[in-house]
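First the structure, in the form of structure tokens, and then the observations on it.
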Amino acid sequence: MDLILKVGIIIVIAIALFAATTAVFNQAQPAPKNITSGQAQQLVLTDVRAQNPSAVVSIVNVSPSTLVSGSWNIFLVVIYNATRPCPTLFIESFDYPATQLLPTTDNLYTSHCVVNEPPSTPSYVISSPYIASARSYNASSIVRGYVSTYGYNETVVHATFYQSMNASVTPLNVTAGSVWLVNFSAGSSGYNQYVLLSQAGRIIGNYTASKQ
């Protein structure tokens, strides 16, 4: 009888352990629940901004998940050092709540002052001011000299796209279409350094302008 009693106790303990393990597993991996697109976007944005407090984060596309009904594919653009000579720009995606808050990096456009361009094709265009900033720094020794002289962390960069530029806009006296004008401005410098960049990434010209 003692042996039967001991075996029974062991079985009861095993069943209890199995039930506890199953409960913990189910709590750690909750089943996806139906939420609205707006709720999913807000939850993902809040988490990403909390994880990347110094980054500029925005949603660029949302669509229903192909994995689980009631889940959402959410694509975000994340930018570090947005106003510096070498911003980092990438696209991150979530399938929420199907895969919880686990991100996938889909495209890394710029990092470490390098523009990660696709294979050179006639159709390639610079579609973001942050890519224009990084490309200008990477392609122009004049700009790199300016930043080196006055300091990377002291230099603020802004890029403006012109669908059509009149010759009077810059001292270069260039009439052009689909160009980026990139302004490098260091606080300790008495002038700004400008780069005129084609949408395909070619340096058209450099010039300086005194600060007002």
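Table for the structure above
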{"read-out": "Which of 91, 142, 204 is most accessible, then next, and so on - probe 1.4 Å", "value": "142, 204, 91"}
{"read-out": "Computed lengthening from residue 161 to residue 202, 0.36 nm per intervening residue step minus Cα-Cα distance", "value": "13.3 nm"}
{"read-out": "Heavy atoms of residue 144: accessible area, 1.4 Å probe, square angstrom to 10", "value": "90"}
{"read-out": "Cα→Cβ-extended label distance, 7 Å offset, between residue 61 and residue 42, nm", "value": "2.5"}
{"read-out": "Accessible surface of segment 83-198, 1.4 Å probe, proportion on carbon and sulfur as whole %", "value": "50"}
{"read-out": "Pairwise label distance in nanometres, residue 106 with residue 139, each label 7 Å out on the Cα-Cβ vector", "value": "2.6"}
{"read-out": "³J(HN,Hα) computed for each position of segment 57-67 - Karplus, 6.51 cos²θ - 1.76 cosθ + 1.60, integer Hz, glycine/proline x", "value": "10, 8, 7, 10, 6, 9, 8, x, 5, 8, 8"}
{"read-out": "Long-range HN-HN contacts of residue 189 with modeled amide H, under 5 Å", "value": "none"}
{"read-out": "Qualifying chymotrypsin sites (Phe, Trp or Tyr not before Pro) in segment 108-191, DSSP loop, other Cβ atoms within 10 Å at most 14", "value": "124"}
{"read-out": "Gain on full stretching of the segment that runs from residue 99 to residue 52 - 0.36 nm per residue minus C-alpha separation", "value": "14.9 nm"}
{"read-out": "Cα gyration tensor shape of segment 112-212, rounded if a/c is under 1.5, else prolate or oblate by comparing a/b with b/c", "value": "oblate"}
{"read-out": "Average accessible area per residue (Å²) across segment 61-121 - probe 1.4 Å, nucleic acids and ligands excluded", "value": "50"}
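The values are calculated or read from the model by the stated rules, or taken from the named source; none is laboratory data. Only a predicted model underlies this, so the values are computations on that prediction, with no experimental measurement involved. Here the Cβ is made from the backbone with ideal geometry for all residues, glycine too, and neighbour counts use every protein chain on show. Calculation scope for accessible area: heavy atoms of the full protein, side chains included, ligands and nucleic acids excluded. Shrake-Rupley method; radii C 1.70, N 1.55, O 1.52, S 1.80 Å.
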